[in-house]
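Participant: Quick one: structure below, then a few questions.
The values are calculated or read from the model by the stated rules, or taken from the named source; none is laboratory data. All of these numbers come straight from a predicted model, not from anything done at the bench. Every residue, glycine as well, gets a Cβ built from its backbone with ideal geometry; the counts of neighbours run over all protein chains shown. Side chains included, ligands, DNA and RNA excluded: accessible areas come from the protein's heavy atoms. Shrake-Rupley method; radii C 1.70, N 1.55, O 1.52, S 1.80 Å.
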Amino acid sequence: MSASPPRSPARPARPQRRPQPTRQAPRPPVRPRRPRRPRWAMRAVTTLSVVVLASAGIGHSVMAGLDADIARVDPFKDMKNRPAAGHGMNVLLVGTDGRDKITERERRKYRLGGAPCHCTDTIMIVHISADRERATVVSLPRDSYAEVPAHLDGTTGRPHAAHPIKLNAAYAEGGPQLTVRTVEDMTHLKIDHYLEVDFITFMRTVDVLGGVRICTAQPLKDSYTGLNLSAGSHTLGGGQALQYVRSRHVDAASDLGRMKRQQRFLAALIERATSSGVLLNPIRFRDVTRAVLGSVRADTGFGTDELLDLGRAMRNFSPSSSEFTTVPVGQLGFAVKGIGSTLKWDRAGADRLFRSLRDDKPLATSSAHAPTPTPSPTPTPTHASEPRGPVPATVEVAPGQIRVQAENGTGTAGLARRMDAALAAAGFATNHLPVSAARHDVRRTVVSFDPRWDRSARSLAAALPGSELRAVPGLGPVLRVTVGADFTGAVRPVRVAAPATPPVESSVIRGDEKVC
């Protein structure tokens, strides 16, 4: 028992030799590095999961708040005897004026004129295939001859019996509802959704995407919109893009040529959206959508689910999966009393076209091609043009079809009578009843017009260089010229140009054939 105590201090000495290998071996500190691969893989899987969830549940919650940003309209209210539904989805896309939402600086820079006309500049049917892999865009000429049913005038509230109009006048008379009714009657297609886009929406869309690239083989210059592009490739911001799609005085094709440029631009816009990653990133898609939807009007059924459905569908879109065409036109310059010059569709070709949409078939493989339209004879100017006189301005509407009332807006006696005589000599249909205006301090001559007769107004203004165009909804078919102190007694001669080639091509073009 006495010898046992000395052995107890020796026990802790033995473990002192064992820790030495632990200090010398580097392996234990290395072990924490091994989980790095699993953690990286976990992050990747998590990221992919978030993207997938954002496209579904989380995407829905992210997008749900955007409903409040969309102004609502009910274009289908009380509609009866509508066409039977086909396959796929038909969206009526309407482009309206909306210049009252644009700053004064932008109005001047992009030549947007004075008061808004609250009219439709663009009417398109966008068909999304049932498998959501193809989009077809059909442009409907704004001057198409149409017949509207009985309705209440959207501007005056007065009842109207059924009567013929130009297609774009349906909006001015009865708003979105009459526009949808008229388009369905003309196409026998059921419209599933309605989208209304104005100037500021268009500009925001282009700007938020960082601009859209377009190409032109010929220089494009339009003094009305201020467009001035050299031949070649250009990346257009929102304002320039608006000038591009609004211009209709760059060639003799006028509105029909403008529709082709609108289609070309829309193809480039799809290419930009699908190639920039916007549609693959739910957060960026939300930000882009939020920037755009603040000034869009849509039907009450076009909500979050539809936005997400379109967003997912468009991820598979490319310019090659979109196709563009214009409704076949059978007769140009079809004159209608009280309306002016209209375009009559080629009924057989139009029926084939819209049947293909109802059956959800690609147009490129269908026979929906219209025959070459037969242009109406170009009206002979009723004024004489001296060889050494002013060069006649090219206009869209013959002066003989434009009815005018002259009124004196100055204190100088006889100016309205002189204006009436000068316009009559230039071929305009004046009423020969000049009157005195309410104001007598007008410095600049004003052409007042009903937005439904805007082409006539532009043609009249071309004969009065320096005059101001002023939209007056409800004014009717007679344009009013308020003579200002700037009137010198001279009126510039005008003429309607004959198109060198048939301005309508009914062929179907894929989006990748329209982009640069």
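Participant: Which one of these does Phe285 not meet: (1) open to solvent by 20 Å² or more (accessible area, probe 1.4 Å); (2) in contact with a Leu (Cβ under 7 Å, 6 or more places away or on another chain); (3) at pLDDT 75 or above?
Facilitator: (3)
Participant: A further question on this structure: Restricting attention to segment 210-264, report how many residues are in a strand (DSSP E or B) and closer than 24 Å to Val395 by Cα. Explain how you work it out, then say what you get.
Facilitator: Going through segment 210-264, the residues in a strand (DSSP E or B) turn out to be 212-216, 220-222, 227-229, 232-236.
Filter again for closer than 24 Å to Val395 by Cα, leaving 216, 220-222, 227-229.
Matching residues across segment 210-264 total 7.
Participant: Only one of (1) within 30 Å of Val278 (Cα to Cα); (2) buried (at least 22 other Cβ atoms within 10 Å of the Cβ); (3) modelled with pLDDT under 85 fails for Gly311. Which number is that?
Facilitator: (2)
Participant: Same structure, new question: Counting only residues that are in contact (Cβ under 8 Å) with a residue 40 or more places away in the chain, give me the strands (runs of 3 or more DSSP E) lying completely in segment 422-493 with at least 1 of them. Show your work before the answer.
Facilitator: Working: elements: 446-449, 468-471, 479-483.
It comes to 468-471, 479-483.
Participant: Could you tell me which residue of segment 233-252 is modelled with the lowest pLDDT, considering only residues that are crowded, with 19+ Cβ neighbours inside 10 Å and of a type in the set (A, V, I, L, M, F, W, C)?
Facilitator: Across segment 233-252, the extreme among qualifying residues is Val250.
Participant: Now for a different question. For segment 453-490, how many residues are at pLDDT below 90, crowded, with 16+ Cβ neighbours inside 10 Å and out of contact with any strand residue (DSSP E or B) (no Cβ under 8 Å at 6 or more places or on another chain)?
Facilitator: Residues meeting the conditions: 1.
Participant: I need the full set of residues from segment 69-84 which are open to solvent by less than 40 Å² (accessible area, probe 1.4 Å), closer than 16 Å to Val183 by Cβ, in contact with a strand residue (DSSP E or B) (Cβ under 9 Å, 6 or more places away or on another chain) and not in a strand (DSSP E or B), in order please.
Facilitator: The one that is open to solvent by less than 40 Å² (accessible area, probe 1.4 Å), closer than 16 Å to Val183 by Cβ, in contact with a strand residue (DSSP E or B) (Cβ under 9 Å, 6 or more places away or on another chain) and not in a strand (DSSP E or B): Pro75.
Participant: A further question on this structure: Looking at (1) hydrophobic (A, V, I, L, M, F, W, C); (2) under 13 Å from the mean Cα position of the chain (by Cα); (3) assigned to a helix (DSSP H, G or I), which is the only condition Leu195 fails?
Facilitator: (3)
Participant: Can you pull out the residues in segment 425-452 that are at pLDDT 90 or above and in contact with a His (Cβ under 7 Å, 6 or more places away or on another chain)?
Facilitator: Ala425, Ala426, Gly427
Participant: Among the listed residues Thr205, Thr201, Thr179, Thr136, identify the single one that is open to solvent by less than 20 Å² (accessible area, probe 1.4 Å), under 17 Å from the mean Cα position of the chain (by Cα) and farther than 27 Å from Ala348 by Cβ.
Facilitator: Details: Thr205 fails: open to solvent by less than 20 Å² (accessible area, probe 1.4 Å); Thr179 fails: farther than 27 Å from Ala348 by Cβ; Thr136 fails: farther than 27 Å from Ala348 by Cβ.
The match here is Thr201.
Participant: Residue check: is Arg142 surrounded by 16 or more Cβ atoms within 10 Å (Cβ to Cβ), touching a Ser or Thr at 6+ places or on another chain (Cβ under 8 Å) and of a type in the set (D, E, K, R)?
Facilitator: yes
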